[in-house]
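Quick notes on the structure that follows.
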Amino acid sequence: MNTEVSREAILSEALELIEREALYAHRVNWPEVTSACWRLLVEHGDVSGLHSALRHALQALGDAHSFLRLPDADSVHRGLLGLYYVAGTVAVVFPESPAELAGLRPGDRILKVQGQPVGDGVNAGLSPEPYVHLEISQAGVVREVNLVRADVPVHHATPVGWRLRDDIGLVCLPECHLSGVFEDGETYQQKVRDVLHALSRAGVRRWVVDLRLNLGGNMWPMLSGIGPLAGEGDLGAFVREQERWPWRYERGQASIGGDVLAQTAGDVLPSLSETVPVAVLTSALTASSGEIIALSFLGRPGTRVFGEATRGLTTSNSRYELADGSALLLTTAMDADRTGKIYDHGVQPDVVVVNDWHDFRTDRDPVVRAAIDWLELRSSSR
């Protein structure tokens, strides 16, 4: 933390910034929220008080998307349980997390959280409490699990792909951390480029883009890498009142307003014709920038979306650095597809298929199977 800047000065500046820039700032009772923030700052007396105050102000916006990013967010998850579940079914377990150490795995059923039945939605019933009691069913055996939140190292998922059958290939795009650079020095977009080239050389001509585990992050490397399948030109836009800022892909470059924010080095796959079939897979975990990538395919004649409705964080966040090394990620605009349609409640699939997290990305995966059936039908109808 910059010791020359007091916690009081940082909070004052941050509150002014949030009130000025946040998309839904007009909904907030700022005198009441500001008073509560200053109480939190005084009560704690250290940097945790500042962060508690900032989180309170962000929560008051009610957009479910604005958040505080700590300085070490690229390397460690603070206070993590380490799982995502959807309507009670475990979908993701983070490596080295309390959930993994307790033996949880995808496909397990969570029956109760803190003694209460699990509801619909993502991580329904979880609270920020440090201790969480779960009742789970694992292969038909019911047991109880106590999880204690802990700091867990970040493991960055890598884009991968493989041929499913004949000329159909699957590209899996996970979330992209803000730097977009992996430990080996290679960028996210370069890894996607390598996957696309390898599949193309293997004879793939029809594509499945899997966004079901894309939790968000930095959209620009994602767009730069997968752009050849989405097409060239303006693929969507950020919208606020009468202003519109299109995001664009062209020959390996992802840009906005003429500024290139990510670029794939070397030769990239030529952009597909708009009529070439591309199936996009989504889930309730597809969020934020993952939803933006899904939007980048919408309005394209050859695209069809399979799976479940996305998380509903179809707004854009702008980053504002603070003097203590943390950053505010503020929701500042809404997202629209290439046709101009604004999405304020997530992306709805063309074909609804419930994800089976136990059989996720296996030969029995129902969402992948539905996409393959459609792609093969498109081929036979030519």
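The values are calculated or read from the model by the stated rules, or taken from the named source; none is laboratory data. Everything numeric in this text was worked out from a predicted model, so none of it was measured. In this analysis, Cβ positions are derived from the backbone assuming ideal geometry, glycine residues included, and neighbour counts consider all displayed protein chains.
Go through the range 37-51 and give me each residue that's in contact with a helix residue (DSSP H, G or I) (Cβ under 6 Å, 6 or more places away or on another chain) and either more than 21 Å from GLY325 (Cβ to Cβ) or of a type in the set (A, V, I, L, M, F, W, C) (or both). Scanning the range 37-51 gives CYS37, LEU40, LEU41, LEU50.
If only residues of the range 81-131 that are surrounded by fewer than 14 Cβ atoms within 10 Å (Cβ to Cβ) and of a type in the set (S, T, N, Q) are counted, the one that is nearest to SER326 (Cα to Cα) is SER127.
Condition test on ALA254, is it crowded, with 24+ Cβ neighbours inside 10 Å, of a type in the set (A, V, I, L, M, F, W, C) and assigned by TED's automatic domain parsing to the domain that holds GLU274? Yes, satisfied. Contact map, the range 357-380: residues that are surrounded by fewer than 16 Cβ atoms within 10 Å (Cβ to Cβ) paired with residues that are among the charged types (D, E, K, R), Cβ distance under 6 Å, separation 6+ or inter-chain. Pairs shown: PRO366/ASP356.
Yes/no per residue for (1) in a loop (DSSP other than H, G, I, E, B); (2) surrounded by fewer than 22 Cβ atoms within 10 Å (Cβ to Cβ); (3) of a type in the set (Ser, Thr, Tyr):
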{"site": "THR286", "(1), (2), (3)": "yes, no, yes"}
{"site": "ILE292", "(1), (2), (3)": "no, no, no"}
{"site": "LEU295", "(1), (2), (3)": "no, no, no"}
{"site": "ARG304", "(1), (2), (3)": "no, yes, no"}
{"site": "THR310", "(1), (2), (3)": "yes, no, yes"}
{"site": "LEU313", "(1), (2), (3)": "yes, no, no"}
{"site": "TYR320", "(1), (2), (3)": "no, yes, yes"}
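Looking only at the range 54-75, residues that are polar (S, T, N, Q) and assigned to a loop (DSSP other than H, G, I, E, B) come to 2 in all.
With respect to ARG78, determine if the residue is part of a strand (DSSP E or B) and surrounded by fewer than 20 Cβ atoms within 10 Å (Cβ to Cβ). Against the criterion (part of a strand (DSSP E or B) and surrounded by fewer than 20 Cβ atoms within 10 Å (Cβ to Cβ)), ARG78 qualifies. When only residues in the range 229-242 that are of a type outside the set (A, V, I, L, M, F, W, C) and modelled with pLDDT of 95 or more count, which is nearest to THR315 (Cα to Cα)? The selected residue is ARG240.
I'm trying to understand the selection: among the residues of the range 327-372, which are at pLDDT below 95 and small (Gly, Ala, Ser)? Within the range 327-372, just GLY346 meets the criteria.
With respect to the conditions (1) of a type outside the set (Ser, Thr, Tyr); (2) within 25 Å of ASP365 (Cα to Cα); (3) crowded, with 24+ Cβ neighbours inside 10 Å, TRP162 lacks only one, and its number is (3). What do you reckon, is VAL280 buried (at least 20 other Cβ atoms within 10 Å of the Cβ) and closer than 17 Å to PRO174 by Cα? Considered against the rule, which asks whether it is buried (at least 20 other Cβ atoms within 10 Å of the Cβ) and closer than 17 Å to PRO174 by Cα, VAL280 comes out as yes.
The number of residues in the range 84-122 being in contact (Cβ under 8 Å) with a residue 24 or more places away in the chain and in a strand (DSSP E or B) comes to 11. Among the residues making up the range 207-261, a single one is touching a Gly at 6+ places or on another chain (Cβ under 7 Å), among the polar types (S, T, N, Q) and farther than 24 Å from SER66 by Cα: SER224. When we screen ARG55, ARG7 for residues that are among the basic types (Lys, Arg), farther than 25 Å from THR315 by Cβ and touching a residue at least 12 places away in the same chain (Cβ under 8 Å), the only hit is ARG7. Look at the range 20-33: where a residue is more than 19 Å from SER316 (Cα to Cα) and a partner is of a type in the set (Asp, Glu), sitting 6+ places away or on another chain with Cβ atoms under 6 Å, you get TRP30/GLU19. Pairs are defined by a Cβ separation below 6 Å, a sequence spacing of at least 6 or placement on different chains, a first member in the range 242-270 that is in contact (Cβ under 8 Å) with a residue 12 or more places away in the chain, and a second member that is β-branched (Val, Ile, Thr); the pairs so defined are TRP245/ILE256; TRP247/ILE256; GLY252/THR264; GLY252/VAL268; GLN253/VAL260.
Return yes when THR89 is of a type in the set (Ser, Thr, Tyr), out of contact with any His (no Cβ under 6 Å at 6 or more places or on another chain) and farther than 30 Å from GLU308 by Cα and no when it is not. Here the answer is no, as THR89 does not meet what is asked.
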